[in-house]
1. Nearest 500 deg cm²/dmol is fine: what mean residue ellipticity at 222 nm does chain B get from its DSSP H runs of n ≥ 4 alone, each adding -39,500 (n - 2.57), divided by its residue count?
2. How many percent of DSSP beta bridges within the stretch A:78-331 run antiparallel, rounded to 5?
3. As an exercise, take the mean of 1/r over every pair of distinct alpha carbons in the stretch A:335-463, invert it, and state the Kirkwood radius in angstroms.
4. Using label points projected 7 Å from each Cα along Cα→Cβ, tell me how many nm separate residue A:472 and residue A:21, to one decimal.
5. Please build a GNM for chain B, connecting alpha carbons under 10 Å apart, and tell me which residue among B:94, B:21, B:74 fluctuates the most.
6. Hey, how many Å between the Cα centroid of the stretch B:1-77 and the Cα centroid of the stretch A:8-34?
7. Rounded to the nearest 500, what is the 222 nm mean residue ellipticity of chain A from helices alone, with -39500 (n - 2.57) per DSSP H run of 4+ residues and division by all residues?
8. Over 20 Å intervals from 0, what percent of Cα-Cα pairs in the protein assembly as shown sits in each interval?
């Protein structure tokens, strides 16, 4: 498929930009020559993007059980609300008294999300999950520093954690202490006790954890950290399993981030932008980023917390995403939110139960919203890897599960069906997985050849990583 | 899998080649490069950095994952194979030629494994 640059024809163009409706200003350092951009008619741009869209796979195309990503369906009413002119046409520099409705959205979303998570306050500035982690860690750091406790530089992270956890802690200038998981994939209590000390700034944890298991020792775990003088950070990646059932705040967590683009049905990735609000208990509230919307007797206004860590993003974050998430919460209501989590867990267990007829499940017992399979035996006996199975799923119109993660499980496929899939979809997926298993036993070579029906076959991932081509000489 | 007799090994899949009594080259074993798959990035320490036994001194990245590389002993980095920063694939192509670092003033290397014992470790992991 040709790039827009390659489709450019001298003299073509279109007027998609509106006329200037504000006073023009002359910047001091102006470009000498006009920017060289592709010259294309609107119809050709439109066809270009439609063609691209046809080559992708999204939740609107089919099943998308990408573990730990919560690829639930995003209801269209969310977008309708976010597109209302009162939300879509505001400017970040407008005085607060002219955007009272927008501030009310932020305070309402804060109220409901705090109710769901057991937190006391929330910032909507962070633009995504890892950004939220970074922000939460800065809050922990500011808290220790405000108490003159400067020795606390270490963050404890289990080996099953999302890779972003140690990365965020490093970005925040902290050192990582890695602790191994026990045989159930949960935190090893003895190893945790041995790891804490006067240098412990905090712990980062997901619960349910990365292998889809709820750590029953959670109260003991968070107490060990508190007793050592540290704080507990909850990675909200897996919140979809427990909404309305159990609250991170009640598990002993002091600060959390949420992924509105996972749990609260706003679009992911390229369809985003994302939003990674950070909630905290009262003790961290003084350190929250700027632009914290509050309700006063005179209406809504932005508050700047006294000991704020400053801004982590311009203004108040990705506001339209918050509108979508609030719409989702108000659509479902308290009962619906709980039901969503219950069905997410039910769907995961149903699919796990069906797939366990053919595939090895990495950890026994009831799972939460996702589960991990290990294809180690399939690889040993038939030379078929998790990658091969993933590629053949593509041929069957199913987006592959997360592969080779968590790292503690070999040949891992991590499956998260979410609550928005019907039993019919799960049954169809189970049949596809079954057929692929049979094919792997009878004709492994067919799997090595997959995918055969997609717009592109196997991509040269190594070549792309070693020699990335990041610009087009236009 | 190829694990030369004249080298020593760790349980975390590094090989050690003694240059003299207190200096050694460290690299990744054939088993390690095979399990990781094609490597795309390598992070190495600087000359003069201290290394600590069983602690990470660098990491390697494949399209699947990032993995730490652990020091087999205490010591100080005396050379770094900078060629690998541009061509990490050399570790896949020639794991025993593509040393990562040279460490001087080493101590604590007594517990290293022979090729035979290391083979057993690999078999257990299979």
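Nothing in this text is a laboratory measurement; each read-out follows from the coordinates by a stated rule. Since the structure is predicted, the reported quantities are computational estimates derived from the model, not experimental observations. In this analysis, Cβ positions are derived from the backbone assuming ideal geometry, glycine residues included, and neighbour counts consider all displayed protein chains.
1. Working: 4 runs with 27 residues, N = 126.
Calculated from helices alone, the mean residue ellipticity at 222 nm is -5000 deg cm²/dmol.
2. Working: 12 of 27 bridges.
Taking every DSSP beta bridge with both residues in the stretch A:78-331, the antiparallel ones total about 45 percent.
3. On the way: mean 1/r = 0.0657 Å⁻¹.
When all Cα pairs of the stretch A:335-463 are included, the Kirkwood radius is 15.2 Å.
4. About 3.2 nm, to one decimal.
5. Answer for the Gaussian network model of chain B: B:21.
6. Here the two parts' Cα centres lie 55 Å apart.
7. Numbers: 17 runs with 183 residues, N = 474.
Result for chain A, helices only: -11500 deg cm²/dmol.
8. For the protein assembly as shown, the pair-distance distribution reads 17, 47, 33, 4, 0.
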